[in-house]
Amino acid sequence: MAVTIKDVAKRAQVAPSTVSRVIADHPKITQETKEKVRKVMQELGYHPNLLARKLVTQSSQTIGIIRKTSTKHSLSDPFFPAALQGMSDLLHQKEYSILLTCGESDEDIYREVVNMVQGKSVDGMIMLYSQDHDPVLQLLLEQNFPFVMIGKPSEHTDKVMYVDNDNVKAARDITDHLIRAGHTHIAYVGGDPRFEVHKDREEGYKQALKLANIQSEVLFRKEISKEGAKETIDEMMKMDPRPTAIVTTDELMAMSLLSALYERRLRVPDDVAVTTFTDSMLSELSSPPLTTVDIHAFQLGYEAAKTLVDLLEKPDMMKRNILVPTSVVVRDSCKKISENGAIL
C-alpha cells in the first residue's frame, strides 16, 4: 500500500497540514520541523504527488530558459553550461524543473515562447541575452509574464529585472591591462552590437583607449567561425602598424583566433597577445592558457534564478537589479612589450 501524508504525519507526530507545508517549503514551518518530517518521509519512502500538487497550486513548477542562439551553438558556448548549472542549483532547491527553448532561428524561439506563455507550461522565464527591439521581451511585458533577464536591457529598463556584469568596466579593465603591459595597437574582436553585452564591451574597449590617449581603434564585429577568425587575422596582418594585442569577447572566437595565428606561424604572446571573456576550463587548458575576464557565469545563472523565484513568491516585490563583479585572470597569453615593440 502506498505511503500517504497521514502516515508521515503520524510517524512524525505532526498534523497532516504540517507535512503539506513542509513539502511546499512553507517559510512559517521551523527548520527543525522540516528536517524531522523530511527524515520520516525518507524512512517511509514517501514521495509527494507532484502532479496533484501542481493541479492544486495552479503552478507548473517549471521555469523556461530562453536562449539567443540555436541548441548546437549554446551547448558549445562555455558560458551556457556554467550559467545553466547556476540556475539548476537554485531551481532544484526550490523543486522547479527547467524547460529550454530549442529553436534554430529568432522566429522559432519567438513561437516557442508564445506557446509556453499561452499554454501555461512554465511559471516564469529567464532570458539569457538582451538585444535591441526584441519581440520576445515585448511579448513578456505585454502579457505581464514573470521573467528575469541575464544582461542589461536596452529598453524598458524601468520594467525589467536583470542580473548582469558591468561589461563596460570589464572591457575597460582588460584593455587597460594590455595598455599597462605596453601595447598601444590593440584590436577588438566582438560580436553583433545589437546585443547589449557586445555593445557595452566595445564601449569599454573604446573608453580604455581614450583614457590612455590612444587614437587608433581597430574594430572587428565577427560571428564565431573558423573562417571568420582566419579573415580577421589576415586583415590584421596587413595593417601598418599591425596590432600587437587582441581583446576578444568570446572564448570560442579566442580559440579560433589562436588557431588562425598558429597557421600563420605567429606566436602567442611573443607576436600577438590575446585576451577573452568568461574564464571557463577552455581558457585554462588552451595553449597558451588565456588571460581572461572572469564574469562568474555560474553566479549570474544562480542570481537570475533566485530573483525569478523571489518574484514568483512575491509578485509585488520591489524591482531589483544585480551586478555580479568581474575580475581579470592573468595567464600566459599576454606579456609586457617594450617601447620598440619587443616582447619582454
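The values are calculated or read from the model by the stated rules, or taken from the named source; none is laboratory data. Since we're looking at a predicted model, the values are computed, not measured. Ideal geometry is used to build each Cβ from the backbone, glycine not excepted, and the neighbour counts take in all protein chains shown. Each accessible area value is taken on the protein alone, full model and side chains, heavy atoms only, with ligands, DNA and RNA left out. Shrake-Rupley method; radii C 1.70, N 1.55, O 1.52, S 1.80 Å.
Return yes when Lys306 is assigned to a loop (DSSP other than H, G, I, E, B) and either at pLDDT 95 or above or surrounded by fewer than 18 Cβ atoms within 10 Å (Cβ to Cβ) (or both) and no when it is not. So Lys306 fails the test. The listed residues are Glu112, Glu142, and the only one of them that is of a type in the set (Asp, Glu) and touching a Cys at 6+ places or on another chain (Cβ under 9 Å) turns out to be Glu112.
Taking the conditions (1) β-branched (Val, Ile, Thr); (2) more than 14 Å from Thr276 (Cβ to Cβ); (3) under 20 Å from the mean Cα position of the chain (by Cα) in turn, Thr244 satisfies each one other than (3). No other residue among Asp200, Asp250, Asp192 is out of contact with any Ser or Thr (no Cβ under 9 Å at 6 or more places or on another chain), within 23 Å of Val163 (Cα to Cα) and open to solvent by less than 40 Å² (accessible area, probe 1.4 Å) apart from Asp200. Looking at the stretch 267-282, which of the residues that are at pLDDT 95 or above and aliphatic (A, V, I, L, M) is most open to solvent (accessible area, probe 1.4 Å)? This residue is Val268. Scanning the stretch 76-121 for residues that are part of a loop (DSSP other than H, G, I, E, B) and among the small types (Gly, Ala, Ser) yields Gly103, Ser105, Ser121. Can you find, within the stretch 203-231, the residue that is modelled with the highest pLDDT among those that are under 12 Å from Ser256 (Cα atoms) and open to solvent by 90 Å² or more (accessible area, probe 1.4 Å)? The extreme case among them is Glu231.
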